[in-house]
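The structure appears right after this line, and notes come after that.
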């Protein structure tokens, strides 16, 4: 279980303090598929980075299976079983997809094992297994490779920070299929930062974050109709992409 207690994150801008996360409390049970959503600038991505240890909270606690991990490093959290996928995947010049999957798994995966992870994210393994993870790959390809590395790690908690960012509609549609597969097969906890209706629709629970606080945390069936009832309502609160507005 992941628990955030009275969590705060304050930054200084133009000699003034700005509160990004404001005394936030949240519990996420093991094995849940949770989507964190809310208006832009509400603190969603910051919250994900605090959980992973990329940013350090100003105050409060982060507990993982009862252990206080607030002051632990990214490496220590990763060893405990937490994975993180960035909005913009990193390029690794000189490293092949196979190398990256083996590094992520922490063992010498066979080619067939590595190909299985690529297949799970809808990629033709033969075409990608020996390619370098560099700028020759599209945004959608990099996203799916990064998700494959998270699957290869097999961690208890997997965090995806706005996986739809910077990719085209075709790639996004394939990504949602990947998350649907994860939803049905994953044994661990999946936490996605997103405001996309297609991702919200496959969640177990939805957490609404606004002004750095939890505005609502409910089962998807309870909250989904209220926040995505109509395209007009979503558009008015800035929670639809251009692609969704066309649908």
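The set of residues from the stretch 188-223 being out of contact with any strand residue (DSSP E or B) (no Cβ under 8 Å at 6 or more places or on another chain) and closer than 23 Å to residue 173 by Cα comprises 196, 197, 198, 201, 221. Taken together, the residues in the stretch 141-197 that are assigned to a loop (DSSP other than H, G, I, E, B), within 13 Å of the chain's Cα centre (by Cα) and over 22 Å from residue 100 (Cβ atoms) amount to 3.
Kindly list, by first and then second residue, each pair from a residue in the stretch 1-15 that is without any contact (Cβ under 8 Å) to a residue 24 or more places away in the chain to a residue that is part of a strand (DSSP E or B) and crowded, with 16+ Cβ neighbours inside 10 Å, limited to pairs with Cβ atoms under 7 Å and residues at least 6 apart or on different chains. Hits for this filter: 11/20. Just so you know, in the stretch 203-247 the residues that are part of a loop (DSSP other than H, G, I, E, B), more than 23 Å from residue 46 (Cα to Cα) and in contact with a helix residue (DSSP H, G or I) (Cβ under 9 Å, 6 or more places away or on another chain) include one that is modelled with the lowest pLDDT, and it is 247.
The set of residues in the stretch 117-136 being part of a loop (DSSP other than H, G, I, E, B) and in contact (Cβ under 8 Å) with a residue 12 or more places away in the chain consists of 121, 122, 123, 129, 130, 131, 134, 135. Taking (1) part of a loop (DSSP other than H, G, I, E, B); (2) under 17 Å from the mean Cα position of the chain (by Cα) in turn, residue 27 satisfies each apart from (1). The single residue among 109, 100 that is in a loop (DSSP other than H, G, I, E, B), surrounded by 17 or more Cβ atoms within 10 Å (Cβ to Cβ) and modelled with pLDDT under 95 turns out to be 109. Among the numbered conditions (1) assigned to a strand (DSSP E or B); (2) in contact (Cβ under 8 Å) with a residue 40 or more places away in the chain, the only one that residue 95 does not meet is (2). Out of all the residues in the stretch 84-91, is one or more in contact with a strand residue (DSSP E or B) (Cβ under 9 Å, 6 or more places away or on another chain) and closer than 18 Å to residue 217 by Cβ? No: zero hits.
The values are calculated or read from the model by the stated rules, or taken from the named source; none is laboratory data. Just so it is clear, the model here is predicted, and its values are computed rather than measured. FYI the Cβ positions are ideal-geometry reconstructions off the backbone, even for glycines, and counts take in every protein chain you see.
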